[in-house]
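Please treat every number below as a calculation from the coordinates, not as lab data. Being a predicted model, the structure only gives us computed values, none of them experimental. Ideal geometry is used to build each Cβ from the backbone, glycine not excepted, and the neighbour counts take in all protein chains shown.
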Amino acid sequence: MDTSPLAGIERTERIETVSYDNNIVRLFAIASAAWGLVGFLVGVLVAIKFYWPEFLGGIDYLSFGRLRPLHTNAVIFAFAGNAIFLGVYYSLQRLCKTRMFSDMLSKIHFWGWQFIIVAAAVTLPLGITSSKEYAELEWPIDIAITLVWVIFGWNMIGTILRRKERHMYVAIWFYLATFLTVALLHVVNSLALPVHFLKSYSMYAGVQDALVQWWYGHNAVAFFLTTPFLGIMYYFIPKAADRPVFSYRLSIIHFWALIFLYIWAGPHHLLYTALPDWAQSLGVVFSFMLIAPSWGGMVNGLLTLRGAWDKVRTDPVLKFMVVGITAYGMSTFEGPMMSLKNINALTHYTDYIIGHVHLGALLWNGGLSFAMMYYIFPRIYRTKLYSLSLANWHFWLMTLGVLLYAIPMYWGGITQSLMWKQFAADGTLQYPNFLETVTQLIPMYVMRSIGGTLYLIGACVGVWNLYKTAKSGTLLANEEVRVVNRMGERSHEPKEGWHRLLEGTPVKFSAYVLVAVLIGGVVEYVPTALIDANIPTIASVTPYSPLELEGRDIYVREGCYTCHSQMIRPFRSETERYGEYSKAGEFVYDRPFQWGSKRTGPDLHRVGVKYPEPSWHWKHMMQPTSTSPNSIMPAYTWLYERDLDTRHTEGKILTLQKLGTPYPDGYAATAVDDLRKQAFFIAEKLRSAGMKDVQDNKEIIALIAYLHKLGTDIDPATKAKVEAWKAEVTQ
């Protein structure tokens, strides 16, 4: 008797031979592994700079502010991004029982994505950045991302439409949600008006820009670093464990609750800021509710392993998966907890956030990525894994490395926050000097770099193991399999549920996904981001002068926002330390906003009031320890050597006028003249203060002008002094 799965089926009509494309899978695997090593290495270099600021010398493109966005982009979009495509291209063909829709689209997608990564690797160290976290790339690269992403979606959806299975498996749901939502987030957040090929200004300003950025930023984590990896989890855990998914119903609840709730959670990154309180409150409520679907997914993944725990001890794929899913559970518990206002007041702007982010990125995304590679390589190369021992070494180096990284950051973050907020018995700040809180963290920073180095060594061991595995076998570039075409079959279920029916209609399914994510997006986005009248203005707040504008662009270029915030929250500890808390109307001319997400150094929103004399900034930027002993800030000596480029000053003024900045008509034509007058005035003040070798055409002069502007608009005494200076300049 024929007991095969194909028994009883009309073979002449239903059985087909399909050839899976394993070459594209191999390419994405190689890219993910290679870029991963680059991203991890840059991360270690950046970590060392926290306690050895002179490390790598005074080279501008190797400074912390430029390497930090390179590190985040390399890990998120190069390592994790290629890993996502690796998982999608491998699993989608097998779930749909068909080859990818187009080999040509697959190749364009692969090489297009690598081109984008290379473009990022070149532009970010050169300081060509929009400064929007996780979206730093300038407008030509943003357009390239959009085109390549559309090609990926075209290829994926085309494959789904010609599938040979009636129902879409749960992993495909998450892949579709990833494609649709990331496209929406990227396009909306990247809207900008170009000044020239390498410079643009955001379509949004201040509070509006902050809301849109963190609507994107949080959901980039949600729909780029979470949903596709959940799809990967739902495919590879059952495959590796040889067990069915624990609960089909739980996967339905997990999927729809997650994509609906996640899109609302972005404002929890902006608690106690100038963002309207109603938006903050929505972010808190929906962030807290995210615990349920997130943990539902974690439970569904771990309980799929019931009965297979003995295999976990010996199978490296399952080891990496289990630790990754556990880290996902921990991160998705921490996130909602930190969205509560009382806890956020303690953790925001501290190193606690760094520990939280890296726990998820290194174990959840990293763990699942390497698990996939360990699963896929022996199969597409028709061989055994080269060394189980090396895989185990990789596993323990990864796990120990993350523990040595995250625990010091958690400890240091709480220490930071408590010291910032501590008052003495007489009512004054216990630690008024911000550097007192920094020096306490140096041992934590050393431990972090050790943990990161262990993780990097583990990744090198893993990549070597995969390389030797590939060398020991032969690539099965086109894997031919016989499959059953079930698209014409009738369901044998007496009554299919609504969701089972929906799984057979990809277009309708995608439409429902889009509606689910648009609801929260529209409710939060439209009232604040699109209606200027909802942002109160302050009459004394004026646009940046041309020199201040150029200085602000230098501030952005150097990545100063990666260490300094410009948002004083309404806490007594912050107003005592920095001055009056920040108001929404102060940021109406800020494109992009510069509120920051981490305070390695003090907040700068009132620095123009605190240090009104140019000489302090001149000395501080030349040699930070001369004004701030024990500072871990690097020197910015190249600002004193490089001439200020004013070729695009007029274009910048014209662009900002188009975006609504109220410069007078015709002002662009005289902007450079005004810039030179203000630069000469600042240079003269520096010379009179005893500074040597001061030249008024250097970049440092523009940066000082910008720093002087911060906080002065709403401080009456300083505002009067600034106006007097400007009057003196115009004379």
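What the table below lists for this structure:
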| read-out | value |
| --- | --- |
| Nearest-ten-degree value, helix 139-161 long axis tilted from longest Cα axis of the chain | 20 |
| Note, ³J(HN,Hα) from phi for the stretch 229-241, Karplus 6.51, -1.76, 1.60, rounded to Hz, x at Gly and Pro | 6, 5, x, 4, 4, 5, 8, 7, 4, x, 5, 5, 8 |
| Amide hydrogen neighbours beyond the local backbone of Tyr20, cut-off 5 Å, H modeled | Glu479, Glu480, Val481 |
| Cα-centre dipole for the chain with unit charges at Cβ (Lys and Arg positive, Asp and Glu negative), debye to 20 | 2200 |
| Placed amide H near Leu429: partners under 5 Å, 5+ positions off or other chain | Ala424 |
| Cβ-based charge dipole, the chain, positive-most Cα from Tyr61, Thr129, Ala371 | Ala371 |
| Cut-off 14 Å between beta-carbons: net charge of the residues surrounding Lys311, Lys and Arg +1, Asp and Glu -1 | +2 |
| Cα shape, the stretch 548-673, gyration tensor, a/c 1.5 rule | oblate |
| Cα gyration tensor category, rounded, prolate or oblate, for the stretch 402-488 with a/c compared to 1.5 | oblate |
| The chain - percent relative contact order, Cα under 8 Å, separation 6 or more | 17 |
| Links that overshoot a 20 Å alpha carbon limit, given the list Lys164/Lys508; Lys598/Lys698; Lys610/Lys685 | Lys598/Lys698 |
| Residue-by-residue Karplus 3J(HN,Hα) for the stretch 46-55, coefficients 6.51, -1.76, 1.60, Hz, glycine and proline x | 5, 5, 5, 5, 5, 10, 9, x, 7, 4 |
| 3J(HN,Hα) from dihedral phi, the stretch 553-558, Karplus parametrisation 6.51/-1.76/1.60, rounded to Hz, x for glycine, proline | 5, 5, 4, 5, 4, 7 |
| Spatially proximal lysines relative to Lys468 (Cα-Cα < 26 Å; intrachain offsets below 8 disregarded) | Lys107, Lys239, Lys311, Lys319, Lys384 |
| The stretch 546-730: relative contact order in percent, alpha carbon pairs under 8 Å with at least 6 residues between | 32 |
| Built amide H within the under 5 Å cut-off of Ala192, gap 5+ | Met203 |
| Distance between the stretch 620-664 and the stretch 26-48 - C-alpha centres, whole angstrom | 31 |
| Distance from the stretch 224-257 to the stretch 395-453 (C-alpha centre basis), Å | 36 |
| Residues Phe571 and Val523, FRET efficiency given R0 of 41 Å [Cβ-Cβ distance, rounded to 0.05] | 0.90 |
